[in-house]
1. Quick check, is residue 124 in a strand (DSSP E or B), at pLDDT below 85 and surrounded by fewer than 14 Cβ atoms within 10 Å (Cβ to Cβ)?
2. For the stretch 55-69, state whether one or more residues are part of a loop (DSSP other than H, G, I, E, B) and within 23 Å of residue 29 (Cα to Cα).
3. Within the stretch 37-45, is there a residue that is of a type in the set (A, V, I, L, M) and modelled with pLDDT of 85 or more?
4. Please state which of the following conditions residue 114 fails to meet, knowing it meets all the rest: (1) part of a loop (DSSP other than H, G, I, E, B); (2) at pLDDT 90 or above; (3) not charged (D, E, K, R).
5. Could you please find all residues in the stretch 85-111 being part of a helix (DSSP H, G or I) and either touching a residue at least 24 places away in the same chain (Cβ under 8 Å) or in contact with a Pro (Cβ under 8 Å, 6 or more places away or on another chain) (or both)?
6. Does the stretch 100-120 contain any residue that is at positive phi and hydrophobic (A, V, I, L, M, F, W, C)?
7. Within the stretch 92-115, work out how many residues are loosely packed, with under 14 Cβ neighbours inside 10 Å and touching a helix residue (DSSP H, G or I) at 6+ places or on another chain (Cβ under 9 Å).
Amino acid sequence: MKTRFEIDPNLPEEWAEFHIHKMTERLQRVVQDLGTTTQLWGYIDNIIKPLELNEVYLIESLQSKVYAKTAKQTYQVKKKLYELEEFLPRNFVKISRSEFVNLDYLDHLEVAANATVILKLTNGQEPLWQGAVSKI
């Protein structure tokens, strides 16, 4: 596929146009990624901070509140999990009813003696989820 970019700092709004034979799954993912939000608003007391999603390793719901965790801080998010699920990029995976994990931070999986799988993140964190492994 040929691509061409025209960079014009005077454009009032960015836009893209595609000329294709047919819509493929790969192109659908590209279009979805282009429309994906890359930041979230995090709250701590009276401070509101934009959070880049690539810095968030875990989003969880605790006691009816939603939190986004980064390496430096935990922020409250004023959205429900189902609202976040609609725009989170593909690297965020729902691991339970109350948690999303950023797979970019996944270091490895550990299989315990009782056949549960434990997520180990690159920052040493272990989300509370432990899923069972079924025997093949």
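The values are calculated or read from the model by the stated rules, or taken from the named source; none is laboratory data. It should be emphasised that the depicted structure is a prediction, and the values quoted were computed from it without experimental measurement. Counting neighbours? That spans all protein chains shown, and the Cβs are built from the backbone with ideal geometry, glycine included.
1. For residue 124, the condition - in a strand (DSSP E or B), at pLDDT below 85 and surrounded by fewer than 14 Cβ atoms within 10 Å (Cβ to Cβ) - is not met.
2. Quick first cut of the stretch 55-69, residues part of a loop (DSSP other than H, G, I, E, B) only: 63-64.
Now narrow it down to the ones that are within 23 Å of residue 29 (Cα to Cα): none.
Within the stretch 55-69, not a single residue is part of a loop (DSSP other than H, G, I, E, B) and within 23 Å of residue 29 (Cα to Cα).
3. Looking for residues that are of a type in the set (A, V, I, L, M) and modelled with pLDDT of 85 or more, one finds at least one in the stretch 37-45, hence yes.
4. (2)
5. Residues of the stretch 85-111 that are part of a helix (DSSP H, G or I), as a first pass: 85-87, 103-105.
87, 104, 105, listed by residue number.
6. yes
7. Residues in the stretch 92-115 being loosely packed, with under 14 Cβ neighbours inside 10 Å and touching a helix residue (DSSP H, G or I) at 6+ places or on another chain (Cβ under 9 Å): 2 in total.
One line per residue, one yes/no per condition, for (1) surrounded by fewer than 14 Cβ atoms within 10 Å (Cβ to Cβ); (2) on the phi < 0 side of the Ramachandran plot:
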residue	(1), (2)
3	yes, yes
22	yes, yes
27	yes, yes
39	yes, yes
44	yes, yes
63	yes, no
75	no, yes
84	no, yes
90	yes, yes
